[in-house]
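Following: one structure in structure tokens, then a few remarks.
The values are calculated or read from the model by the stated rules, or taken from the named source; none is laboratory data. Since the model is a prediction, treat every value here as computed from it, not as a measurement. Glycine also receives a Cβ, built like all others from the backbone with ideal geometry; neighbour counts cover every protein chain displayed. Just so you know, the surface numbers come from the protein's heavy atoms only, side chains and all, with ligands and any DNA or RNA stripped out. Shrake-Rupley method; radii C 1.70, N 1.55, O 1.52, S 1.80 Å.
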Number of protein chains: 2
Amino acid sequence: MKIDPDNKADLSAQIAKAIRDAIVSGDMIVDQRLPSEAELADQFAVSRSTVREALKRLAAQSLIRTQRGAFGGAFVNRLSYEEAYGDQITTATLLLSMNAISFDVACEARYALERACTTLSAERRTADILATMRAEIHRQGQPGLSDESFCASDVAFHRALVDGAGNPVLSYQLAGAVEAMQPLMNMITFTARSREAIVGLHTRIADALEAHAPEAAQEALHELEAYTLHLGQDVMAARNKDRAAG
Amino acid sequence: MKIDPDNKADLSAQIAKAIRDAIVSGDMIVDQRLPSEAELADQFAVSRSTVREALKRLAAQSLIRTQRGAFGGAFVNRLSYEEAYGDQITTATLLLSMNAISFDVACEARYALERACTTLSAERRTADILATMRAEIHRQGQPGLSDESFCASDVAFHRALVDGAGNPVLSYQLAGAVEAMQPLMNMITFTARSREAIVGLHTRIADALEAHAPEAAQEALHELEAYTLHLGQDVMAARNKDRAAG
DNA sequence: GCAAAGAAAATGTCAGACAATTAAATGTAT
DNA sequence: ATACATTTAATTGTCTGACATTTTCTTTGC
């Protein structure tokens, strides 16, 4: 492992960077064991606490995992899609909420990305994906469903649409865009009529995928985008009025 | 802040989660100061070291920043797109390299996502974006350019295409997909003839964006995808042969 | 009034200790 | 010999207390 020059950044950050670079560059491979904390402290000529802080940084990024006990230690972690999803979603959600992204911009991004999947999804969708979509559509039609549950089901439907493309890289990249919309969608009050409209469009999309008809799916998705934007603009107008008043 | 029940996960992980939840839920807002390490240690009834490890975890996710000195401390960080880009790219790159994603799958994802941007980009591209694209095209035509530099320029061109859509959410989401391809592309040896073909397609894309012609841009992008896939398959075939032999 | 010196508060680092956990090595009884 | 219990060693997790460093505010001296 590399040494640290005498710059004045935090030692634990420097050490974390050195180890991270070794992992990213492929210098350390998956499941390889790092030296013990005591050994690392020796190598870098710092205390064990400092090494531990560096390791916690790496653990927070899922780059390593630790095991206690004899023959335990820190190991290079295989980054799984499941783990990466979670971080993706958290980060995307925070980006939207902290940077005052407008509903329009978020909506545009989400549907642009979903359009990218739809053609592939129409080609490859499995029976499993279709079943998920149908189940969510059914749930969305239930009377007495809360707005929040309706939104959650909406997200599940869209994720199925994305997953239908059968490309894990796409699914990963889009998880953030799809899920980060949920807090914004949650501000919408879904009337019975708007739910009916959405369920109708979802059904058209599912039908199109089932029939392997990409054009029909794109068309329905396009209408859904316009409708979602319409619903969102009402909300944003109300919110802006609130902000101006408060 | 919430308390920790007596479960057996690491205390520092539990504390990090409690603070993270407070930030993500909006319970703590941007630039708000956290209690000092000593106060947190009191509140959670743990030692200062444990609190520090928790804070380092959050710092690794860019959720907080710390300042030394009087009136310093830990503050909730505004997550910027610039910071998030870096993490996105690192994670996407690792996902691809650690999970043996095939060139085909990565390529498909990348171009599907870029297609999603191209229509918007044809509509909105600024003179600035066009200038960047032209400059990269020019660089790509220079004789004596190393394969690695050619790849880097290729990535820059594609990022300009994405940024041209003028949607920061899209730019963020696609940064990973575009950049993570670079290591895979770097394995390709670009002959003079293949460079010429790519430069030609890049020029067609730039021309189409300049003319606000989305269909022409899509067509050129489609050809570029097919060509890239063709180049990549040769490489992957060679690599698989190597692996079988080694 | 202003500059220098000091005080105060906070993070960064260190050293040493002990607790908890885990796998291997060892011992023991059937 | 095998199955089971015990010991042992290695390693991470946590605590305590100390000191160094950095930064801002306050005081002092001119």
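Descriptive notes on the structure:
- Some residue of the range A:186-200 being open to solvent by less than 10 Å² (accessible area, probe 1.4 Å), assigned by TED's automatic domain parsing to the domain that holds A:I89 and touching a Pro at 6+ places or on another chain (Cβ under 8 Å): no
- The number of residues in the range A:20-46 being of a type outside the set (D, E) and touching a Lys or Arg at 6+ places or on another chain (Cβ under 9 Å) comes to 6.
- The residues in the range B:94-124 that are β-branched (V, I, T) and more than 7 Å from chain A (Cβ to nearest Cβ) can be counted, and the count is 2.
Per-residue answers, yes or no, for (1) within 16 Å of DNA strand C (Cβ to nearest atom); (2) at negative phi; (3) charged (D, E, K, R):
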site	(1), (2), (3)
A:V46	yes, yes, no
A:E53	yes, yes, yes
A:Q61	no, yes, no
A:T66	yes, yes, no
A:D104	no, yes, yes
A:A112	no, yes, no
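- Qualifying residue in the range A:3-10 (condition: near DNA strand C (Cβ under 10 Å from one of its atoms), open to solvent by 70 Å² or more (accessible area, probe 1.4 Å) and more than 14 Å from chain B (Cβ to nearest Cβ)): no
- Whichever residue in the range A:11-29 is farther than 13 Å from A:A74 by Cβ and part of a loop (DSSP other than H, G, I, E, B) and, among such residues, is farthest from the other protein chains (Cβ to nearest Cβ): A:D27
- Looking only at residues of the range B:62-76 that are away from DNA strand D (no atom under 16 Å from the Cβ) and part of a strand (DSSP E or B), we find that the one that is surrounded by the most Cβ atoms within 10 Å (Cβ to Cβ) is B:I64.
- If you go through the range A:216-246 and pick out every residue that is more than 21 Å from A:S153 (Cα to Cα) and either at pLDDT below 95 or not charged (D, E, K, R) (or both), you end up with 14.
- Filter result (within 15 Å of DNA strand C (Cβ to nearest atom), farther than 17 Å from A:Q61 by Cβ and surrounded by 14 or more Cβ atoms within 10 Å (Cβ to Cβ)) within the range A:17-42: A:R33, A:S36, A:E37, A:L40, A:A41
Residue by residue, here is whether (1) more than 28 Å from the chain's Cα centre (by Cα); (2) of a type in the set (G, A, S); (3) in the same structural domain as B:G232 (by TED's automatic domain parsing) holds:
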position: B:I23; (1), (2), (3): no, no, no
position: B:V30; (1), (2), (3): no, no, no
position: B:P35; (1), (2), (3): yes, no, no
position: B:A41; (1), (2), (3): yes, yes, no
position: B:V51; (1), (2), (3): yes, no, no
position: B:A60; (1), (2), (3): no, yes, no
position: B:G69; (1), (2), (3): yes, yes, no
position: B:D87; (1), (2), (3): no, no, yes
position: B:V105; (1), (2), (3): no, no, yes
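- Residue-level analysis places A:N77 among those that are farther than 20 Å from B:L79 by Cβ, within 14 Å of chain B (Cβ to nearest Cβ) and in contact with a Ser or Thr (Cβ under 8 Å, 6 or more places away or on another chain).
- Residue check for B:Q218: assigned by TED's automatic domain parsing to the domain that holds B:E108, closer than 18 Å to B:T93 by Cβ and part of a helix (DSSP H, G or I): no
- Of the set (1) within 22 Å of B:T91 (Cα to Cα); (2) free of Cβ contacts under 8 Å to residues at least 12 places away in the same chain, all apply to B:L174 but (2).
- Residue check for B:L79: over 23 Å from B:H202 (Cβ atoms), of a type outside the set (K, R), without any contact (Cβ under 8 Å) to a residue 40 or more places away in the chain and assigned to a loop (DSSP other than H, G, I, E, B): yes
- Test: residue in the range A:124-133 that is open to solvent by less than 50 Å² (accessible area, probe 1.4 Å), over 14 Å from A:T203 (Cβ atoms) and hydroxyl-bearing (S, T, Y): no
- Answer residue from the range A:47-74, given it is under 16 Å from A:Q14 (Cβ atoms) and aliphatic (A, V, I, L, M) and is farthest from the other protein chains (Cβ to nearest Cβ) among those: A:V51
- Residue selected from the range A:134-148 under the condition within 12 Å of A:F190 (Cβ to Cβ) and under 22 Å from the mean Cα position of the chain (by Cα), by the criterion surrounded by the fewest Cβ atoms within 10 Å (Cβ to Cβ): A:E148
- Identification of helices (runs of 4 or more DSSP H) wholly contained in the range B:96-192 with 1 or more residues that are within 28 Å of A:V178 (Cβ to Cβ) and of a type in the set (S, T, Y) yields B:103-124, B:168-185.
- Qualifying residue in the range A:30-46 (condition: closer than 20 Å to B:A13 by Cα, modelled with pLDDT of 90 or more and away from DNA strand D (no atom under 14 Å from the Cβ)): no
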